[in-house]
1. Please work out the average accessible area per residue across the stretch 1-106, using the 1.4 Å probe convention, and give it in Å².
2. Of all accessible surface on the chain at a 1.4 Å probe, what whole percent is carbon and sulfur?
3. So how far, in whole Å, is the C-alpha centre of the stretch 347-365 from the one of the stretch 243-309?
4. Loop-only check: which GluC sites (Glu not before Pro) in the stretch 20-105 are DSSP coil with at most 14 other Cβ within 10 angstrom?
5. Given a 10 angstrom Cα cut-off, can you work out which residue in VAL326, VAL374, VAL156 is the most mobile in a GNM of the chain?
6. When only the heavy atoms of the protein chains count and the probe is 1.4 Å, how do LEU86, LEU20 rank by accessible area, highest first?
7. Is there a quick way to get the dipole size of the chain? I mean about its Cα centre, with the Cβ of Lys and Arg at +1 and of Asp and Glu at -1; what is the value in debye to the nearest 20?
8. For the stretch 221-325, what is the accessible area per residue in Å², given a 1.4 Å probe and the full set of protein chains?
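The values are calculated or read from the model by the stated rules, or taken from the named source; none is laboratory data. Predicted, not measured: the structure shown is a model, and the values here were computed from it. Neighbour counts are summed over all protein chains in view; Cβ atoms, including those assigned to glycine, are modelled from backbone coordinates with ideal geometry. Keep in mind that these areas ignore ligands, DNA and RNA; they rest on the heavy atoms of the full protein, side chains included. Shrake-Rupley method; radii C 1.70, N 1.55, O 1.52, S 1.80 Å.
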Amino acid sequence: KGEKITLTTDYEFLGSAAKLACSYKSLATSVTVGQKILAADGSLVLTVLKLDAKAGEVECLIDNNAGIGERKNMNLPGVVVDLPTLTTKDIEDITLWGMPNDIDFIAASFVRKASDITKIREVLGEKGAHIKIISKIENQEGLENYDDILNATDAVMVARGDLGMEIPPEKVFLAQKMMIRKANIFGKPVVTATQMLESMIENPRPTRAECSDVANAVLDGTDAVMLSGETANGEHSEAAVRIMANTCVEAEGAVSFDSLYQAVRNSTLNLFGSMETGESIASSAVKTAIDLNAVGIIVCSASGTTARQVAKFRPPVKVTVLTPNVRTARQCFGLLKGTHSVVINPKNADDINIGVAVEKWVSEGIAKRGDAVVCINGSQAVIGATNTMRVIYA
């Protein structure tokens, strides 16, 4: 603390006590004197003292004592960074490894505008059009362009760690609630992540504040919550997963699903004026399940779109997605709220597949004879043909 240190954009420089190298080539032209630079998730704070754009160096004052390792992240609060959407290595990872290995999702870091998503889709091309993109919102620019990003993306991740470096930490909860709320209305899955049970990297039990954080994310309307360091390098990874799951279950027990359904439906109509056929049927199915106290909803969905629309309206019951597409099954299961996927034989009629699913529910004790089950399917077994909602009894 109190000493000076120089940041250089010469990434070949090995580093010393007086100078550290960073990979951001435009650092010296992006920051201004007096600005803060945060390193290693904010554990090290630097104040810019002097700029040398020609040499690509920034002289800083160290604001606090900290120890950092190699290749730690760096945040420049309020700066519109001059970085490409995808680096050459990113493109190689996607095209040479991801696509050949049949990946289901790409989680894109620091998405700043809708054109970032467009660029990724261009790289994926027609061959990778099935791959879903999860946009990680991690800075002020991403927040400002959130509506456009939401229109373009398949799902959203509220990445509170870097976001808390880029905007004042006391405003992160407001950004989280805004992003989750809008994603719910648009029917896009939303994941809340970063530092949820951070103390469990070292401790066997989380703090009460951390459990409340997980529960509040569920009450806000998140589809999924995610652990990071807790399972990547934590000492109590299994316990962290178990405690997070139990907390989610407790939080969902406090939700009024009828009120939640009405809120999502009314907000959708207020924003868009009307619904498409499939979305209207999904809305009706969830309302019917609530009114009848149905034991579950069965969705026949080739692409997963109808399953996503059902999940949007937050059904309080089990949702089983019957799909002939293994990839659709993987993309629905676990990310779409409350859904469970089953891969079916495409040669069988929907009625046969639904009947098998209901019988399995009975044999597993999920349903009893006479229980109502809401079913959604299409008159034709093609993508986009969902037009039927009915009630059957186990």
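1. That works out to 61 Å² per residue.
2. Answer for the chain is 52 percent, counting heavy atoms of protein chains only.
3. Between the Cα centre of the stretch 347-365 and that of the stretch 243-309, the gap is 22 Å.
4. In loop regions of the stretch 20-105 (DSSP not H, G, I, E or B), the sparsely surrounded GluC sites (Glu not before Pro) are GLU70.
5. The residue with the greatest mean-square fluctuation here is VAL326.
6. Details: LEU86 25, LEU20 55 Å².
Descending order: LEU20, LEU86.
7. Working: 40 positive and 47 negative charges, 160 e Å.
Dipole size: approximately 780 debye.
8. On a per-residue basis, 43 Å².
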